[in-house]
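Data first, discussion second: the structure below is written as structure tokens.
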Amino acid sequence: GENVEQHPSTLSVQEGDSAVIKCTYSDSASNYFPWYKQELGKGPQLIIDIRSNVGEKKDQRIAVTLNKTAKHFSLHITETQPEDSAVYFCAASMAAGNKLTFGGGTRVLVKP
Amino acid sequence: GAVVSQHPSWVICKSGTSVKIECRSLDFQATTMFWYRQFPKQSLMLMATSNEGSKATYEQGVEKDKFLINHASLTLSTLTVTSAHPEDSSFYICSARHRVKNTEAFFGQGTRLTVV
């Protein structure tokens, strides 16, 4: 089955700096790669996703890149703010709406 | 739109008892719902896939007789933890796939189960 590795497990950045989280996956059949933000005691919230026919996608301060050949994808957050502090998860699946395999998570702390 | 609600948000039960968690899609129909479990400071792990009107598909290592899943309608799936033990204490999260739209599955807010 699919295996998703996520790095780093913790990330501390100064407010205004950028944060980058990287994930690799094992199943070349995966075509859908979402990123979730999870705050304490809450369910995961989709922040951005990318499909395999696209190499990059951007939404304001958040961007995701995908390299299907190398089987890795990354989340980039620019101009970080304290409210960006949370746990972020990458995931992979065959298609949007299918079951997800999650990475281990990255705890991001944005210091004011 | 696309709201998924879980009930209860948190529950405490005694060891040996059973507890039922509901997952509802409030404004759309969902033929498929997914149940995940998340232990403290860990990732989400898929437990089972629930399809309306048929038996759930369980992931390897998940006891189907312990975690009973029922998906009786297009808007409701339930997870019953039977004979709960302290090691079942976890955060249970469901997600629901829209019956028609080709979009991501939408997550509920999660249910914190504590078995004492």
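Some points to look at:
- Considering only residues in region A:53-72 that are under 29 Å from B:Gly110 (Cα atoms) and part of a loop (DSSP other than H, G, I, E, B), the one that is farthest from the other protein chains (Cβ to nearest Cβ) turns out to be A:Arg61.
- Failed criterion for B:Ile12 (all others in (1) assigned to a strand (DSSP E or B); (2) surrounded by fewer than 19 Cβ atoms within 10 Å (Cβ to Cβ); (3) within 10 Å of chain A (Cβ to nearest Cβ) hold): (3)
- Breaking point among (1) modelled with pLDDT under 95; (2) at positive phi, for B:Ser83: (1)
- Among (1) part of a loop (DSSP other than H, G, I, E, B); (2) under 30 Å from B:Trp10 (Cα atoms) - the single one A:Ala92 does not satisfy: (1)
- So A:Pro34, is it touching a residue at least 12 places away in the same chain (Cβ under 8 Å), within 30 Å of B:Gln6 (Cα to Cα) and either touching a strand residue (DSSP E or B) at 6+ places or on another chain (Cβ under 7 Å) or within 14 Å of another protein chain (Cβ to nearest Cβ) (or both): yes
- Residues in region B:24-52 that are away from chain A (no Cβ under 11 Å) and of a type outside the set (Gly, Ala, Ser): B:Arg24, B:Leu26, B:Asp27, B:Phe28, B:Gln29, B:Arg37, B:Phe39, B:Asn51, B:Glu52.
- Of all residues in region A:85-98 being within 18 Å of B:Trp35 (Cα to Cα) and surrounded by fewer than 21 Cβ atoms within 10 Å (Cβ to Cβ), the one that is nearest to the other protein chains (Cβ to nearest Cβ): A:Ala96
- Qualifying residue in region B:97-104 (condition: of a type in the set (D, E, K, R), touching a residue at least 60 places away in the same chain (Cβ under 8 Å) and either surrounded by 22 or more Cβ atoms within 10 Å (Cβ to Cβ) or not in a loop (DSSP other than H, G, I, E, B) (or both)): yes
The values are calculated or read from the model by the stated rules, or taken from the named source; none is laboratory data. Model, not experiment: these values are computed from the prediction. Here the Cβ is made from the backbone with ideal geometry for all residues, glycine too, and neighbour counts use every protein chain on show.
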